[in-house]
Structure formats: C-alpha cells, structure tokens
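Heads up, the thing below is written out as structure tokens.
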Amino acid sequence: MRETESDGDLLRAIAADGDRRAFEELYRRYAPWLLARLRGRCADAALVDDVVQETFLAVWRGTARYREEGDVAGWLWRIGSRRLIDALRGDGARGRLRQALSRLRHRDEVSAEERVLAGVEHGDLAGALVRLSPELRAVLQATVIDGLTTREAAVLLGIPPGTVKTRAMRARKQLREALT
C-alpha cells in the first residue's frame, strides 16, 4: 500500500521505473499543499495551476532530482517557487502591467525589503548573516526568504515549532546587535 511508503520510497520508485502509482501518491500528498503555498505568492490561479503541473511533470520526467537531503516538501517548494518566478519573469507585457498595478495599489506601504534595507543602511547584512549559526540561518531562510509559517518551517527543518520561534528570535536579536 502506497500510503505507508515514505516520500523517499515513492521518489525512488518514480525515478527507477516510472511507477505511476507512486507518482499519483506523491501528487496526492503534495499538490494541494504546493498549490496553496504558490497561490499565496501569485494571484493568477491559472498560472499557479500550470506551475504546479510543471513541477510534478519535472519530477515525473526526472529533470528534477531529489538527492535525499532534507524534506520532500521543501524540495518541491524550491522547484515550484523557482518555476513560478521564471513564469512571472517571462510573462511579458501582461506581467509587467500586473506588477505596475500592484506597486500602485501598495504605494504607501513600505515593503519588508525596504524595511530591512533601511534598518541595515549602516551595517553589514551579509557579514552578519554569515556569522549566524547554520541553524539560525536555516530558520531565517525558511521563514523570511521562503515565507513559510512557523509550522511549515518546522516540518521543513524537522524541528518543533517552538524551536523555530526561539531560533528566529535569537537570529533577529543577533542581527540587530551586529547591525547597530
């Protein structure tokens, strides 16, 4: 029964002999999650649907290879988010118009990136990030850069949600101290 097989077992079966049932089980486990996450990044539902299909097509065709490092959800997220970025960049005039309208709509709001840049204007962000422990950097990557919730980051990193919160708090404190 496929439901009891690990994600790694499913991926090995897909890669080794194109096991359709293994692929269907992997799709059933992760497509709804990936769809919801990508829809949080892009309002174009049709584009997100296409990106999810392209992500799983890459898995099926073997063009995306899982190296058995980390979590399968995180691996699929990286593939899907990169494909979404590529799709948005290649969207041409329609994408540029959508971006321009988006900027106009939120003109008065300061973006997270602008807040970070304003806060580190006189600091060395890259140096401060390098000085963080790998555990703290991983939490920042998952929660800030990838935009995952605490619970999603916990699953991705294989640690309890409370640990994610603690590490995020420690990372922010260390960055503040390093940049002031």
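Quick look at the numbers
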{"read-out": "Distance-filtered residues of region 143-171 - backbone nitrogen under 15 Å, label point 7 angstrom along ALA36 Cα→Cβ", "value": "148-156"}
{"read-out": "Overall form of region 13-77 per C-alpha gyration tensor (a/c, 1.5; a/b vs b/c)", "value": "prolate"}
{"read-out": "Net length gained if the chain between ASP17 and THR63 were fully extended (0.36 nm per residue, minus Cα distance)", "value": "15.1 nm"}
{"read-out": "Peptides 44-53, 124-133, 73-82 ordered by average Cβ neighbours within 10 Å, highest first", "value": "73-82, 44-53, 124-133"}
{"read-out": "Backbone HN-Hα couplings from phi across region 138-150 [Karplus 6.51/-1.76/1.60, Hz, Gly and Pro as x]", "value": "5, 5, 4, 4, 5, 8, 8, 6, 7, x, 7, 6, 4"}
{"read-out": "Sequence of ILE159, ILE145, ILE14, ILE85 from largest to smallest accessible area, 1.4 Å probe", "value": "ILE145, ILE85, ILE159, ILE14"}
{"read-out": "Distance between region 1-38 and region 137-177 - C-alpha centres, whole angstrom", "value": "27 Å"}
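The values are calculated or read from the model by the stated rules, or taken from the named source; none is laboratory data. Predicted model, so just to flag it, every value in this text is computed and none were measured. Here Cβ is always computed from backbone atoms with ideal geometry, including for glycine, and neighbour counts include all displayed protein chains. Please note that ligands, DNA and RNA were not included when accessible areas were found on the heavy atoms of the full protein model with its side chains. Shrake-Rupley method; radii C 1.70, N 1.55, O 1.52, S 1.80 Å.
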